[in-house]
Amino acid sequence: QVQLVESGGGLVQAGGSLRLSCAASGLTFSKYAMGWFRQAPGKEREFVVAISWSGGSTNYADSVKGRFVISRDNAKNTVYLQMNSLKPEDTAVYSCAAELYGAIIGGTYKYWGQGTQVTVSS
């Protein structure tokens, strides 16, 4: 079965950096668009960034543009999220998601990981 496993979360001070990873198995990774989403306590889940199946296109939420960078390594079945200049408002559970040849703008995702906690202290 399809599994998405996130890692790399933790506690960091404002202005710091973290790199999240999402390892996929049970699917042909190179055919899947991948997205990162986050959910803060008491708030709805929000879109962060997506990357096309080829890696040639990306789409960022305005709130993270210029600070976060998504990348993928199809040989390792892994998508990464490099988060720089972190702010306390970035605190959330970050989850990755996968969709077969999915759209990176307004797309829906079939497969989801369990998430990893990111906490940014002020």
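The values are calculated or read from the model by the stated rules, or taken from the named source; none is laboratory data. The structure presented is a predicted model; accordingly, all values stated were derived computationally and were not measured. Cβ coordinates were reconstructed from backbone atoms using ideal geometry, including for glycine residues, and neighbour counts include every protein chain displayed. These area figures cover heavy atoms from the full protein model, side chains too; ligands, DNA and RNA do not enter into them. Shrake-Rupley method; radii C 1.70, N 1.55, O 1.52, S 1.80 Å.
Per the listing LEU81, LEU86, the residue uniquely touching a Ser or Thr at 6+ places or on another chain (Cβ under 7 Å), open to solvent by less than 20 Å² (accessible area, probe 1.4 Å) and touching a residue at least 12 places away in the same chain (Cβ under 8 Å) is LEU86. Out of the residues in segment 22-52 meeting the condition of being of a type outside the set (S, T, N, Q), closer than 18 Å to VAL2 by Cα and more than 14 Å from the chain's Cα centre (by Cα), tell me which one is most open to solvent (accessible area, probe 1.4 Å). Selected residue: LYS31. Is it the case that segment 3-17 has a residue that's out of contact with any Phe, Trp or Tyr (no Cβ under 9 Å at 6 or more places or on another chain) and closer than 12 Å to ALA98 by Cα? Scanning segment 3-17, I find at least one residue that is out of contact with any Phe, Trp or Tyr (no Cβ under 9 Å at 6 or more places or on another chain) and closer than 12 Å to ALA98 by Cα, so the answer is yes. In segment 57-77, the residues that are on the phi > 0 side of the Ramachandran plot form Cβ pairs under 7 Å with partners that are surrounded by 14 or more Cβ atoms within 10 Å (Cβ to Cβ) and not small (Gly, Ala, Ser), at six or more places apart or across chains, as follows: ASN77/PHE29. Each residue in segment 11-21 was checked for being more than 21 Å from LYS76 (Cα to Cα), open to solvent by less than 60 Å² (accessible area, probe 1.4 Å) and part of a strand (DSSP E or B), and 1 of them qualify. Candidates are the residues of segment 93-112 that are touching an Asp or Glu at 6+ places or on another chain (Cβ under 8 Å) and of a type outside the set (Phe, Trp, Tyr); the one that is most open to solvent (accessible area, probe 1.4 Å) is LYS110. Evaluated against (1) among the aliphatic types (A, V, I, L, M); (2) over 15 Å from the mean Cα position of the chain (by Cα); (3) surrounded by 18 or more Cβ atoms within 10 Å (Cβ to Cβ), ALA75 falls short on exactly one condition, (3).
Scanning segment 53-62 for residues that are touching a strand residue (DSSP E or B) at 6+ places or on another chain (Cβ under 8 Å) and not β-branched (Val, Ile, Thr), we see that the one that is surrounded by the fewest Cβ atoms within 10 Å (Cβ to Cβ) is SER57.
Every residue, every condition in (1) of a type outside the set (Ser, Thr, Tyr); (2) within 18 Å of LEU20 (Cβ to Cβ); (3) not in a helix (DSSP H, G or I), yes or no:
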| residue | (1), (2), (3) |
| --- | --- |
| GLY55 | yes, yes, yes |
| ARG72 | yes, yes, yes |
| VAL93 | yes, yes, yes |
| ALA97 | yes, yes, yes |
| GLY106 | yes, no, yes |
| TYR109 | no, yes, yes |
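I'm told SER121 meets every condition in (1) exposed (fewer than 15 other Cβ atoms within 10 Å of the Cβ); (2) out of contact with any Leu (no Cβ under 8 Å at 6 or more places or on another chain) except one. Can you identify the failing condition by its number? Checking SER121 against (1) exposed (fewer than 15 other Cβ atoms within 10 Å of the Cβ); (2) out of contact with any Leu (no Cβ under 8 Å at 6 or more places or on another chain), the one that fails is (2).
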